[in-house]
Amino acid sequence: MSKRKSSKHKLDRRMGENIWGRPNSPVNKRSYGPGQHGQRRKSKVSDFGLQLRAKQKLKGYYGDVTEKQFRSTYKDATRLKGDTGQNLIGLLERRLDMIVYRAKFAPTIFAARQIVNHGHIYVNGVKCNIPSRRCDVGDVISLGNKAKEMVLVIEAQSLPEREIPDYVAPDGNDKVQFTRVPKLDEVPYPVTMEPNLVVEFYSR
């Protein structure tokens, strides 16, 4: 597994947006970029710059997945029928760590990846420690016995700033079912995501 080594809040500052909608994001107090030149007037961004920014924002939101993994997901999206941007979002939302995050089993996507890696998550009754695993419609994702008592999990389930989307159906406090692959406008992003620009970036 690749590990994110830099501060998670740096992405918020760099983008000037509260990517995950956290109440303690530094952007809530300082909406400008980091560094001594952060408050200078921003110059016009090129088309390539807009595409790169959209890609970095989407990639960062899903736990800052590696470029290799993200590009591979994009290639898989191009092979599916329909709109590539919508397909990309659908594939990213099918990731096991993202479903764990959507189910409010973890407070952040990074914590969700961690509890999957540590073997606390079961898919259809079978332990799975691969965060990037793609779940299928109908799969049941549940917490292990130890995870049910973890303070991290209990706190995540009481977070007021997030709600469980309707394509992740809860069955009690420790089990959910992935009912369907969502469209872009159904995904509860705290900020605007532009997968069409990501498609343009990779199709150059």
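The values are calculated or read from the model by the stated rules, or taken from the named source; none is laboratory data. These numbers come from a predicted model, not from an experiment. Note that each Cβ is placed from the backbone with ideal geometry, even for glycine, and that neighbours are counted across all protein chains shown. Areas reflect the complete protein model, heavy atoms only, side chains present, ligands, DNA and RNA absent. Shrake-Rupley method; radii C 1.70, N 1.55, O 1.52, S 1.80 Å.
A Förster distance of 41 Å, applied to the separation of the beta-carbon atoms of ASP47 and ARG180, puts the FRET efficiency at 0.75. Carbon-plus-sulfur accessible fraction, the stretch 96-185 (probe radius 1.4 Å, protein heavy atoms only): 48%.
For the stretch 184-192, backbone phi angles converted through the Karplus equation (6.51, -1.76, 1.60; θ = phi - 60°) give residue-by-residue couplings of 3, 6, 9, 7, x, 6, x, 10, 6 Hz, Gly and Pro being listed as x. To the nearest 10, the accessible area of SER46 is 70 Å² with a 1.4 Å probe. Evaluating 6.51 cos²θ - 1.76 cosθ + 1.60 at θ = phi - 60° for every residue in the stretch 105-120, the Karplus couplings come out as 7, 8, x, 9, 5, 6, 5, 4, 4, 5, 6, 5, 4, 8, x, 8 Hz, glycine and proline recorded as x. Note that the stretch 96-185 shows a convex hull volume over its alpha carbon atoms of 91 Å³ per residue.
Once the Cα-Cα distance is subtracted from the 0.36 nm per residue extended length, the VAL137 to GLU161 segment shows a gain of 6.0 nm.
The phi-based Karplus calculation (6.51 cos²θ - 1.76 cosθ + 1.60; θ = phi - 60°) puts the 3J(HN,Hα) values of the stretch 174-182 at 10, 8, 9, 10, 7, 8, 6, 7, x Hz, whole numbers, x for Gly and Pro.
Please identify the GluC sites (Glu not before Pro) of the stretch 157-204 that satisfy two criteria: DSSP loop assignment and at most 15 other Cβ atoms within 10 Å. Which are they?
When the GluC sites (Glu not before Pro) of the stretch 157-204 are filtered for loop state and at most 15 Cβ neighbours within 10 Å, GLU161, GLU163 remain.
Rounded, prolate or oblate: which fits the stretch 41-105, taking a ≥ b ≥ c as square roots of the Cα gyration tensor eigenvalues, rounded meaning a/c under 1.5, else prolate when a/b beats b/c? Oblate shape, in that a/c is at least 1.5 and b/c is the bigger or equal ratio. For the set LYS75, LYS57, the ranking by accessible area, highest first and with no ligand, DNA or RNA atoms included, is LYS75, LYS57 under a 1.4 Å probe.
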